């Protein structure tokens, strides 16, 4: 197929604008401030309400969110398009339960409380599920863009994925959160305008006579009684598996005040749901269309290409100029989430993995320059991994689902307990990870060809696990964390658990962790954190407040 030159020119112009804005933001920040890793991570904790709403909404509304929602409606029906509602509620949950608590303590990443409470190595271990989630998320985003460019511009999928990832990587490396925030504003506007502009043209195409005709078969469909367990499991996964994400927590922690941090989450939750509406409508149009009346060369293959339904609708149900604007919307969605995911993962690695372990081993904090370079090198590695995943996995919605699966089962119970359960300790955390991982592993993943080892209730050979075993795994993690933490605390208080067998040093915390908790926008330190005084005599040790500033 010949490359569509006008479409290629349009996308090149868009990429140049985004890259230019990102580089301008980096240049502007470098003129005003000296190189500072926290500025790159949190933009100096200077986000106001308006810009915060834009950047938080844009971070969640990625290519996987847009393309995946359209795919779910066309393939499974609107009742199974759970991600928009689930992820919107997840942001609201962050605002209600976590935003104020995290922001007022002046954390830099969501792994900071783990590092303070459980130690450096446990925080570094919990980085792994967070990293996997980010890579799967970014892979879904890039996959969506590759499919869109291949349909509308006839550009090779792999080439478009690599170029898009490289551009997002470049301006993120240069400007950190400053570049990400500046570009998010432009990208969100492009998404809104581009998708809504496409909807009326798609619905008025001659092949789409009436979306109400055969709606039950085409795009409404139904949820079988046997699938109720899976249906509930998926909703809980999206809602609570969408909470412990650094891309969201990073916006909360970057806010100027606690009030702004909570308010922007509520508005962004509504914004995320609203931004999914045109994508859902496009999915409905694609599912309702008679593709034999379009210029698509192989209409009989459409049911096998639901993952590409959004770009197919833009290309074959809309005029070329509308398709190019819609392509800009998808590209904007991809960029807005790719840069956020790359930045958030590299932030946690530089601060909570490399920086923490370096301090543990040497007793010295990593210099600002070294931290910045560690961030940049890790950004390159993360972008390469996500790009490779996007090239090898074809279903956008599957990647979209899988990223929250890992976070929900392993990370969410840990996150809730470290924030809300004062007695939680490393022993409980380890037990929670083991229980959750074991149940999740035994349940298998048939979409990846991994057959279940244990057949939970209602198992079907044709449809797989129908029991909500992922929620069971998360609940098991909660039980393990709470019960084992309570038990070890009780044994220590009674003198049955001595310091000699306290291998994780849970009851002998050191005051220095290498973490600085300070609000640089106000100059004030964060709230002190609970621990145990290291200098009190053995057997007479009492809980008290330790400052980690």
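The values are calculated or read from the model by the stated rules, or taken from the named source; none is laboratory data. Predicted model only: the values in this text are computed from it and were never measured. Glycine gets a Cβ as well: all are built from the backbone with ideal geometry, and neighbour counts include every protein chain shown.
Please count how many residues of segment 456-479 are touching a helix residue (DSSP H, G or I) at 6+ places or on another chain (Cβ under 9 Å) and not in a helix (DSSP H, G or I).
So the first thing to find is which residues in segment 456-479 are touching a helix residue (DSSP H, G or I) at 6+ places or on another chain (Cβ under 9 Å), and the list is 456-458, 460, 463-479.
Retained after the next criterion (residues that are not in a helix (DSSP H, G or I)): 456-458, 460, 463-468.
The number of residues fulfilling the criteria is 10.
Taking the condition modelled with pLDDT of 90 or more and within 16 Å of the chain's Cα centre (by Cα), does residue 109 pass? It is true that residue 109 is modelled with pLDDT of 90 or more and within 16 Å of the chain's Cα centre (by Cα). For residue 285, the conditions (1) more than 25 Å from residue 12 (Cβ to Cβ); (2) over 23 Å from the mean Cα position of the chain (by Cα); (3) surrounded by fewer than 22 Cβ atoms within 10 Å (Cβ to Cβ) are fulfilled apart from (3).
Return a yes/no flag: does segment 123-139 have any residue that is surrounded by fewer than 23 Cβ atoms within 10 Å (Cβ to Cβ), in the same structural domain as residue 380 (by TED's automatic domain parsing), more than 15 Å from the chain's Cα centre (by Cα) and under 30 Å from residue 362 (Cα atoms). Looking for residues that are surrounded by fewer than 23 Cβ atoms within 10 Å (Cβ to Cβ), in the same structural domain as residue 380 (by TED's automatic domain parsing), more than 15 Å from the chain's Cα centre (by Cα) and under 30 Å from residue 362 (Cα atoms), one finds at least one in segment 123-139, hence yes.
Working only within segment 64-98, note down all residues that are under 12 Å from the mean Cα position of the chain (by Cα) and closer than 27 Å to residue 311 by Cα. Break it down stepwise before answering.
So in segment 64-98, the residues under 12 Å from the mean Cα position of the chain (by Cα) come out as 64-65, 87, 90-91.
Passing the criteria: 64, 65, 87.
Set side by side, the residues 166, 144 differ, and just one is in the same structural domain as residue 261 (by TED's automatic domain parsing), part of a helix (DSSP H, G or I) and either surrounded by fewer than 24 Cβ atoms within 10 Å (Cβ to Cβ) or in contact with a strand residue (DSSP E or B) (Cβ under 9 Å, 6 or more places away or on another chain) (or both), which is 166.
Just to be sure, is residue 87 in a helix (DSSP H, G or I), more than 21 Å from residue 242 (Cα to Cα) and touching a helix residue (DSSP H, G or I) at 6+ places or on another chain (Cβ under 9 Å)? If you could, list the steps in order and put the result at the bottom.
On the way: in a helix (DSSP H, G or I): yes; more than 21 Å from residue 242 (Cα to Cα): no; touching a helix residue (DSSP H, G or I) at 6+ places or on another chain (Cβ under 9 Å): yes.
Here the answer is no, as residue 87 does not meet what is asked.
Of the set (1) within 30 Å of the chain's Cα centre (by Cα); (2) modelled with pLDDT of 60 or more; (3) part of a loop (DSSP other than H, G, I, E, B), all apply to residue 485 but (3). When 94, 73 are checked against the criterion of being farther than 24 Å from residue 244 by Cβ, at pLDDT 90 or above and surrounded by 18 or more Cβ atoms within 10 Å (Cβ to Cβ), 73 stands alone in meeting it.
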